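Q: Below you'll find the structure I mean.
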Amino acid sequence: MSPIPAELVARATISYDAVQAVGETVYWIEGRADGDVLVCWTATDGRQDVLPEGFHVASHVHEYGGGAYLATERDVWFCDADDQRIYHVRDHRHPVPVTPVPASPGALRYADLRLLSGTDKLVSVRERHEETLVHNELVVLPDDGSAEPTVIASGDDFYMSPEPSPDGRRLTWVSWNAPLMPWDGARLWLADVLPDGTLTGTRLVAGGDDESVCQPQWSDDGTLHFVSDRSGWWNLYAWREGRTEPVITGEFEVAAAPWEFGYRTYEIQDSQITAIIQQGPSHSLVVRRLNGDLERLAFPYTSIKPYLAMAGGKVAFIGSSPTRLPTVVLGAPDGSVHELTSADVTLDPASLVRPEPFTFGTRDGGEAHGLYYPPLGGSDRPPPLLVRAHPGPTANWPLRLDLHAQYFTSRGFAVADVDYRGSTGYGRAYRLGLRRRWGVVDATDCTDAARHLVSAGRADLGRMAIWGASAGGYTVLRALAVTDVFAAGIARSAVVDLESWGRTVPKFQAHHAELLGSDRLSEAGESEIETRRPLLLIHGDEDRVTSIDQVQALAQHLNNVLIVIHGAGHTLRKLADVQDVLFAELEFILACFR
């Protein structure tokens, strides 16, 4: 019997996100099977849910959301997952809505809530849905809902990260326009705030079509900090009265691709800066001292989500490692840690395999990267291999405990997680390596990774399958169409056809394929997926990111198996669904290898 049963994998699906801190109280959002719950922790009372039962916290701006709450000493404002209105809670009383009822459910959505210092006003991103049109803008509103929101910035396609200065007299924010995504090119703006909360004197601080800027923050002395990839890497800079200076720089990333609102990968306290840095699949925490020296904090975590908060003299974050599931952590300067959450699973360390980073050459003379999981207990002969393509596609595989991978390694499989060109963590040039080549380079990189492992004796050429979800599902379909290396493929929540997907996907990604879509595929008219290899399609019937209609049409066209998960969205959250899908994936691959 495998030491990693499907039921154990399913029970470990609780997620943690959006860490904030007020004094020494730590807040976070806990993703449970029935919804996202706001939780807080204090040394006196431990963990407790912040809101009454039945209230779930989630923003649906861009569909991916984030930035869904703001906590202060006495107050919490949050976006309700059901009606998308902002609600206010004072001193643990019942939540009260502060934004108007929209004309239709979900027509008004909010994210990145901020208080204007010294006022009774909130600033936020708002997304307005009017029939087929979607408008994104910045608004200001009374924090008690006594008046309707007023638009203070509009005209660009997207807005993110409004940050008032400590004295409340200035506001900075990030915006960008299609077809760019924020990791392609964005601009950082600064304006003066008038007494009514509206803006004047807007000027550009940094950024452009060929520079990605994100995560502006102010220090107490009025210095504006921001992350930019102008050097080829997402590094940290400071701006004051027109002068920009480097703060934390090097061949590493100090940001993650902003798929969601609310990311905060550095924190400023007492003139010291604590930051997450990423190098390939691995993260670490560093502190920049007053003299400019960087000191690495010796915490036992190799993957850190893009949320940092200072709680007193400690840093709160979400950490994991190849032997630890994600947990909310309080880390002290001396390296000691206090884990505030724990998964409802017990794992024997002897049942886990450690992923090994590897680099391989690509067929066009390039270089790509991945993580290799050997089968548990080793193998006398090359093992069967499951290659996994990450979603995004602008993302990466982190160096952390992945129970989906361990489920297969505990059954004699090797697993290879491929950070194909286009992935994050390797600098701007690598991140843009998929531009005009989506469906080509990602597919061939996954194939070249498999062949590399075969040549190294670490995989069996006759027993290799490929798996992917969302954008990774598209990589699976393309890999099966252009190569005969894989005996089978599994695609969850897959993008099927880029042109059709661009017409149905939410506004945030509607133009994504314009920059990434392959000119070669377009010129050849290769919009349909053709493959004779066995293919398992898995899709939720409530997926708002990738339409089930396209997957159903593909399954009918290829006469392949489609498993429809009723009530599921773009990801699986229910324990029974996770178990059923794992069983189906394993049985499918084993049948294809016979």
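Q: So, for the stretch 339-420, what is the accessible surface per residue at a probe of 1.4 Å, expressed in square angstrom?
A: Heavy-atom accessible area per residue stands at 36 Å².
Q: Given H placed 1.01 Å from N in the peptide plane, which residues other than close sequence neighbours of R388 have an amide H under 5 Å from its amide H?
A: It is A416, D417, V418, W467, by chain and number.
Q: Any chance you could check the Cα centroid distance between the stretch 201-259 and the stretch 93-112 for me, in angstrom?
A: Centre-to-centre distance over Cα atoms comes out at 32 Å.
Q: Which order do L194, L498 take when ranked by solvent-accessible area (1.4 Å probe, heavy atoms of all protein chains), largest first?
A: So, going from the largest accessible area down, we get L194, L498.
Q: Which value, in Å² and to the nearest 10, is the accessible area of K507 when all protein chains are kept and the probe is 1.4 Å?
A: My reading of the accessible area for K507 is about 50 Å².
Q: Per residue, how much accessible surface does the stretch 541-580 expose to a 1.4 Å probe? Answer in Å², no decimals. Write down the numbers at each step before the final one.
A: Values: 2270 Å² over 40 residues.
That works out to 57 Å² per residue.
Q: Just how far, in whole angstrom, is the stretch 386-408 from the stretch 445-477 if you go by their alpha carbon centroids?
A: 13
Q: Follow-up question, since we're still on this one. Hey, got the dipole for the stretch 177-313? About the Cα centre, +1 on K and R Cβ, -1 on D and E Cβ, debye to the nearest 20?
A: About 200 debye.
Q: If you don't mind, there's one more thing I want to ask. Place the peptides 431-437, 375-381 in order of packing, highest mean first, counting for every residue the other Cβ atoms within 10 Å and averaging per peptide.
A: 431-437, 375-381
Q: Going through the stretch 70-139, which trypsin sites (Lys or Arg not before Pro) have at most 12 other Cβ atoms within 10 Å and a DSSP loop state?
A: R74, R93
Q: In addition: Could you give the size of the charge dipole of the stretch 84-155 about its Cα centre, using +1 on the Cβ of each K and R and -1 on the Cβ of each D and E, expressed in debye and rounded to the nearest 20?
A: Roughly 160 debye, rounded to the nearest 20.
Q: Under 20 Å Cα-Cα from K314, which lysines qualify once same-chain neighbours fewer than 8 residues away are excluded?
A: Leaving aside lysines fewer than 8 places away in the same chain, those within reach of K314 are K305.
Q: Moving on to the next point. With Cβ to Cβ distances under 11 Å as the rule, what net charge do the other residues near V174 carry (K, R +1; D, E -1)?
A: Counting the neighbours of V174, the net charge comes to -2.
Q: Using the Karplus curve 6.51 cos²θ - 1.76 cosθ + 1.60 with θ = phi - 60°, work out ³J(HN,Hα) for each residue of the stretch 580-591 in order, rounded to whole Hz, and write x for Gly and Pro.
A: Running phi through 6.51 cos²θ - 1.76 cosθ + 1.60 with θ = phi - 60° gives 4, 5, 4, 4, 5, 4, 5, 4, 5, 5, 4, 5 Hz.
Q: If we count every other residue with Cβ under 9 angstrom of G567's Cβ, Lys/Arg +1 and Asp/Glu -1, where does the sum land?
A: Details: positive: K574; negative: D541, E542, D577.
Residues close to G567 contribute a combined charge of -2.
Q: Here is a further query. Mind checking the full-extension length gain between D221 and L461? Use 0.36 nm per residue of separation minus the Cα-Cα distance, one decimal, nm.
A: The D221-L461 span can extend by a further 80.3 nm.
Q: Any idea what the relative contact order of the stretch 1-63 is, in percent, if you count C-alpha pairs under 8 Å spaced at least 6 apart? Show your work: numbers first, answer last.
A: Values: 78 pairs, mean separation 12.8, N = 63.
It rounds to 20 percent for the stretch 1-63.
Q: Output ³J(HN,Hα) for the stretch 264-274: one whole-Hz value per residue in order, computed from phi by the Karplus curve 6.51 cos²θ - 1.76 cosθ + 1.60 with θ = phi - 60°, and x for Gly and Pro.
A: For the stretch 264-274, the Karplus-derived couplings read 8, 9, 8, 9, 10, 8, 6, 6, 10, 10, 9 Hz, x marking Gly and Pro.
Q: Sticking with this one: Stokes-Einstein diffusion coefficient for the chain at 10 °C in a medium of 1.306 mPa s, Rh from the Kirkwood formula over Cα pairs: what value in µm²/s?
A: For these conditions, the coefficient is 64 µm²/s.
Q: So if each residue of separation counts as 0.36 nm, and I subtract the Cα-Cα distance between E131 and H94, what length gain in nm does that give?
A: Working: separation 37, 0.36 × 37 = 13.32 nm, distance 3.29 nm.
Extra length available between E131 and H94 comes to 10.0 nm.
Q: In addition: Could you please report the charge total around P281, scoring K, R as +1 and D, E as -1 over all other residues with beta-carbon less than 12 angstrom from its beta-carbon?
A: -4
Q: Nearest 10 degrees is fine. How inclined is helix 548-558 to the longest principal axis of the chain, computing both from alpha carbons?
A: 10
Q: Now, a different point. Which one of V505, L403, I276 has its Cα pushed farthest toward the positive end of the charge dipole of the chain, where Lys and Arg give +1 and Asp and Glu give -1 at the Cβ?
A: Farthest towards the positive end: L403.
Q: Also, I was wondering about something else. Rounded to the nearest 20 debye, what is the charge dipole size of the chain about its Cα centre when +1 sits on each Lys and Arg Cβ and -1 on each Asp and Glu Cβ?
A: 1300
Q: Counting only GluC sites (Glu not before Pro) that are in a DSSP loop and have at most 10 other C-beta atoms within 10 Å, tell me the longest site-free stretch of the chain.
A: Value returned for the longest uninterrupted segment is 242-594.
The values are calculated or read from the model by the stated rules, or taken from the named source; none is laboratory data. Remember, predicted model here, so these are calculated numbers, not experimental data. Reconstructed Cβ throughout: ideal geometry from the backbone, glycine too, with neighbour counts over all protein chains shown. With ligands, DNA and RNA removed, areas are computed over all heavy atoms of the protein, side chains included. Shrake-Rupley method; radii C 1.70, N 1.55, O 1.52, S 1.80 Å.
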